[in-house]
Amino acid sequence: MLNKGESENEKIYRQIKASLFRDIHGTVVEIGPGTGVNFNYFPEDIDWIGLEPNEAFHENMLKKAASKNINARLINSVAEKIDLPDESADMVISTLVLCSVKNMKAALQEIKRVLKKGGRLIFIEHVAAPKKTGRRKVQQLFNPLNRFMADGCNCTRETWVDIEQAGFSSVHLRHETLNGTMAVFAPHIFGYAIK
Ligand SMILES: C[S@@+](CC[C@H](N)C(=O)[O-])C[C@H]1O[C@@H](n2cnc3c(N)ncnc32)[C@H](O)[C@@H]1O
C-alpha cells in the first residue's frame, strides 16, 4: 500500500509520468529511486538497475520490484560515479534527484556515458523559479535550511541549463509550475534528452 508521502507524490506527478514513461524498455538505469515510486509506471519486461546511495531504501525497493515482477538490481552508488560499462543502458531515469547530486556536471556526463547512442535520459525535476521573481527570492532565502533539512536538496538549481549544456544530441523539455507542493518546489522541468 502507498504511504501518505507516496500517494501525495502520485497525485502531483501521475499525469506527467503516465505520458513520459509510456515507452520504457530494455535496460533501465534509475538514479536515486528512493522508495521506488516509479515502479507503478514500468512494464515487467525491463532490466532495471537502481543507483541508490541510501541503503535504508534497498530492502523495500527490491520487494516492491519483485511484487511488480520487475527484474531488479540495486547498486549502492551515486550518479556522479556509475559503476556500469559505457553504452550499457537504453534509458536513464531521474525524478527529483538532480536537485540533490553534489556534482551535476559529473552526474550528467556519467549518465551520458552509460547510455547507448540514441538512448534517453528521462527526467522530472523541481527547479529554480525565473530570475528576479518573488518566488526565486524566497527560494534563495529558504535554500540553506532546505539543504540542511532535506539531505542536500537544492531548490535554486537551473537544472535545464546543465542538461542543455551536457552534450546530448537533442533535449526536449517543458517548464511547468505544479500544484500540490510547497511554493518553493513548484517550478518543474520534465522531458527527455537523447544521446
Ligand atoms: C527526493 S528523493 C527522490 C526519490 C524518487 N526518485 C522520487 O521521485 O520520489 C532523492 C533521492 O536521490 C538519492 N540521491 C541523493 N544524492 C544522490 C546521488 N548523488 N546519486 C544518486 N542518488 C542520489 C537519495 O538517496 C534519494 O533516494
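What follows is calculated from the coordinates using simple rules that are stated; it is not laboratory data. Just so we're clear, the structure is a prediction, and the values are computed from it rather than from any experiment. Note that each Cβ is placed from the backbone with ideal geometry, even for glycine, and that neighbours are counted across all protein chains shown.
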(message) Among the residues in segment 146-164, are any buried (at least 17 other Cβ atoms within 10 Å of the Cβ), touching a residue at least 12 places away in the same chain (Cβ under 8 Å) and under 19 Å from Val29 (Cβ atoms)?
(response) yes
(request) Could you list, in sequence order, all residues of segment 57-105 that are in a helix (DSSP H, G or I), in contact (Cβ under 8 Å) with a residue 24 or more places away in the chain and more than 9 Å from the ligand (Cβ to nearest atom)? (result) Asn60, Met61, Lys64, Ala65, Met104, Lys105
(request) Being part of a loop (DSSP other than H, G, I, E, B) and of a type in the set (Val, Ile, Thr) is the filter here, so list the residues in segment 118-157 that pass it. (result) Val127, Thr133, Thr156
(message) Quick test for you: out of Phe142, Phe123, pick the one residue that is in contact (Cβ under 8 Å) with a residue 24 or more places away in the chain and either within 15 Å of the ligand (Cβ to nearest atom) or of a type in the set (Lys, Arg) (or both).
(response) Phe123
(request) Filter segment 17-56 for residues that are more than 8 Å from the ligand (Cβ to nearest atom) and touching a His at 6+ places or on another chain (Cβ under 8 Å) and give the result. (result) Pro43, Asp45, Ile46
(message) Condition first: in a loop (DSSP other than H, G, I, E, B), polar (S, T, N, Q) and farther than 23 Å from Asn143 by Cα. Can you find one or more residues in segment 28-42 that meet it?
(response) yes
